[in-house]
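Rule-based calculations on the coordinates, nothing more; no lab input. Small disclaimer: the values here were computed from a predicted structure and weren't measured. Cβ sites come from the backbone with ideal geometry, for glycine too, and all protein chains shown count toward neighbours.
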Amino acid sequence: MLNQFLPESEARDIDALVERILKDLGGPAPPLSLATVRELLKLDLQFYRSTDTGILAETAHRMKLAGKQVLARPSRIIDAIRRWDLKALWVPDGRRLLIDRDEPKPKHRWYEAHEVGHCIIPWHEPFMHGDQRLTLSVACHEQLEVQANYAAARILFLRDQFKERLLSSEISFDRVRELAKIFQNTMTTTLWRTVETLDFPAIGMVSCHPHEIAASEPVRYFLRSRQFAEKFSEVTPDALFSELSRFCFGTRGPIGKSEVMLKDDAGEVHVFFMETFWNHHDALTLGLCRHAKAAQVLVPGEADSRQLLK
Ligand SMILES: [Zn+2]
């Protein structure tokens, strides 16, 4: 899956909504307490199990009590959860955030912020009721998701505070790990944020281990900075992934780093510095463009260590 960019005007509008919340919270320093956000927005956080219909049925019942026949049958909310593979849910009636208890705990923070995103974006409200959620077109659903993810990122990384810290020293995977701790977000979301924040060509990958027997889709997320997306449209995640096995070894923490050369759409070769970290679930890779390589000639034999990828 590729990361998506919002049109600038949409991003600005969503950012203004986040700005207001952070202002009302007195301009907090990292890490942001989501409990204070819930308190400010008067939200109720609850957990459910997709196998246990109790709280979902009760939610559906409440929605009916509020005078809206939102769900014909309580079981439809469970259908919605399965159909959209929802890990969390924002239910405007009763101002509830529901999170799937069976999801790994470190991910809850992102899911919660994502649902807060749906809650604060006023044009999402009509789509957040059970049945509308069922009938949304996939394209529309995806657009709402990209918007909610953007809101979540701007909330959890405190708007420009993340960028200021990121750029205040040399960017590396170690820096990503430090910032994950400071902002109390997962390494994966911090990697994602890092790549999207940079205004030069950069990539991030969330994949299986480079020496694992290749899954059908070894790269779960291929993250690109805006500049990379614009200039390197022909570089594929699979080609980058196959590079990892060349320089990655081991199964703990940092598992490899190397220079990799990538050709941009104009045919110019650029050196990327890649670092890969194994977090016991995924291989996380950060790749940063160092500089353009003018008319580099690849010597046979050198191709092993510095392979040219298109
Ligand atoms: Zn969503």
Theoretical FRET efficiency, 1/(1+(r/R0)^6), r = Cβ-Cβ of Glu234 and Ala16, R0 35 Å, to 0.05: 0.45
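Mind scanning Lys87/Lys257; Lys23/Lys163; Lys105/Lys163 and naming the pairs with a C-alpha gap bigger than 30 Å?
Values: Lys87/Lys257 34 Å; Lys23/Lys163 18 Å; Lys105/Lys163 26 Å.
Those over the limit are Lys87/Lys257.
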The range 1-41 residues near the modelled Trp123 label - backbone nitrogen below 19 Å, point 7 Å along Cα→Cβ: 4-20
Spin-label model distance (nm) - Ala29 vs Asp44, 7 Å beyond Cα toward Cβ: 3.6
Ranked list, fewest to most other Cβ atoms within 10 Å of each Cβ, for Cys140, Cys119, Cys208: Cys140, Cys208, Cys119
Per-residue ³J(HN,Hα) for the range 219-230, Karplus 6.51 cos²θ - 1.76 cosθ + 1.60, θ = phi - 60°, Hz, x for Gly and Pro: 9, 6, 10, 10, 9, 10, 6, 4, 5, 5, 4, 6
In order through the range 25-41: 3J(HN,Hα) via Karplus (6.51 cos²θ - 1.76 cosθ + 1.60), integer Hz, x for Gly, Pro: 8, x, x, x, 8, x, x, 6, 8, 5, 4, 5, 5, 4, 5, 4, 8
